[in-house]
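Inspection log for the structure reproduced underneath, given as structure tokens.
The values are calculated or read from the model by the stated rules, or taken from the named source; none is laboratory data. If you're wondering where the values come from, they're calculated on a predicted model, not measured in any experiment. Here the Cβ is made from the backbone with ideal geometry for all residues, glycine too, and neighbour counts use every protein chain on show. Surface areas here come from the heavy atoms of the whole protein model, side chains and all, with no ligands, DNA or RNA. Shrake-Rupley method; radii C 1.70, N 1.55, O 1.52, S 1.80 Å.
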Amino acid sequence: MITAILWDVDGTLLDFAAAEKAAIQKLFMEFGLGNCSEEMLGRYSRINRTYWERLERGEITKPEVLVGRFRDFFETEGMSSAIASEFNQKYQLCLGDTIVYRDDSLNIVKSLRGRVKQYVVSNGTVVAQTKKLRLSGLGELMDGIFLSEQLGVEKPNVEFFNRVFAKTGSACRDQVMIVGDSLTSDILGGNNAGILTCWYNPGKAAKPDGYRVDYEIADLHEIYDLIPASNEPSGCEADIWRMPQGC
């Protein structure tokens, strides 16, 4: 029985690509950089992804990700990289201005209250995620919010999950499921932590070797197939239902 869900935010509950595009285009105008085309956004996204993957492997730090990606992007586009730090600071605030739900995620989360405990687990910055969760209404529906900056370690590191469970008091990891779109962060993290994994794969990409995916869904509504309507805690499950609020 699944009695607790660890939700990823960006790309899972919320459409990160939409927020990213709106924030960068807005800041391009604010900084007098002209129009940021779809092609430029694509190049930025690829640079951004490589930086986050390096962070997940423990090769660089979060500050190096946040500024380095924009520095490299501006240099790739033939622009001055001197504004990278200031651009990132404003970008973190702008990311929360555009709220686009994936698959009616707000109502899905709302409907699961009382059936499972629900927690946010995210590598996003505190500034960006706090604003997103507040404006989207998702934050107030959660039983706890766990951000890597506050825990001091990133997904997929097992220590991230150890610190989550140290705060929630959960002992039944085989009844906890992480739901996320990232194989390298969410699914690998779930594998490392010894919990169930649900890969949110709306694009139906092929799964590479090296990951244990317990469930795969293309639409968040499919989560209902994994959580029976009669889901009620008992015995070991009751311990999870008594989890205290996260950080």
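Tabulated data
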item: Contacts under 6 angstrom Cβ, first residue in region 103-118 being in a loop (DSSP other than H, G, I, E, B), partner open to solvent by less than 10 Å² (accessible area, probe 1.4 Å), 6 or more apart; result: Asp103/Leu220; Arg115/Ile227; Arg115/Asn231
item: All positions within region 13-32 that are in contact with a helix residue (DSSP H, G or I) (Cβ under 8 Å, 6 or more places away or on another chain) and either of a type in the set (A, V, I, L, M, F, W, C) or open to solvent by less than 10 Å² (accessible area, probe 1.4 Å) (or both); result: Leu13, Leu14, Ala17, Ala19, Ala22, Ala23, Ile24, Leu27, Phe31
item: Matching residues in region 1-40 - criterion: being within 30 Å of Leu106 (Cα to Cα), of a type outside the set (A, V, I, L, M, F, W, C) and in a helix (DSSP H, G or I); result: Glu20, Lys21, Gln25, Lys26, Glu38
item: Glu59, sole failed condition from (1) acidic (Asp, Glu); (2) assigned to a helix (DSSP H, G or I); (3) more than 23 Å from Asn201 (Cα to Cα); result: (2)
item: Some residue of region 115-126 being of a type in the set (A, V, I, L, M), in contact with a Ser or Thr (Cβ under 7 Å, 6 or more places away or on another chain) and under 14 Å from Val179 (Cβ atoms); result: yes
item: Single unsatisfied condition, Arg115 versus (1) surrounded by fewer than 20 Cβ atoms within 10 Å (Cβ to Cβ); (2) closer than 30 Å to Asp174 by Cβ; (3) within 20 Å of the chain's Cα centre (by Cα); result: (3)
item: Criterion: open to solvent by 60 Å² or more (accessible area, probe 1.4 Å), at pLDDT below 95 and part of a loop (DSSP other than H, G, I, E, B) - qualifying residue of Asp174, Asp209; result: Asp209
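For every residue, the table says whether it meets (1) among the aliphatic types (A, V, I, L, M); (2) touching a strand residue (DSSP E or B) at 6+ places or on another chain (Cβ under 8 Å); (3) closer than 24 Å to Phe160 by Cα.
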site: Thr76; (1), (2), (3): no, no, no
site: Ala82; (1), (2), (3): yes, no, no
site: Lys90; (1), (2), (3): no, no, no
site: Leu106; (1), (2), (3): yes, no, no
site: Arg115; (1), (2), (3): no, no, no
site: Gly124; (1), (2), (3): no, yes, yes
site: Arg134; (1), (2), (3): no, no, yes
site: Leu138; (1), (2), (3): yes, yes, yes
site: Leu141; (1), (2), (3): yes, yes, yes
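Quick grid of which residues meet (1) open to solvent by less than 10 Å² (accessible area, probe 1.4 Å); (2) in contact with a Leu (Cβ under 9 Å, 6 or more places away or on another chain); (3) part of a helix (DSSP H, G or I):
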| site | (1), (2), (3) |
| --- | --- |
| Glu154 | no, yes, no |
| Arg163 | no, yes, yes |
| Lys167 | no, yes, yes |
| Ile178 | yes, yes, no |
| Thr184 | no, no, yes |
| Ile187 | yes, no, yes |
| Asn191 | no, no, yes |
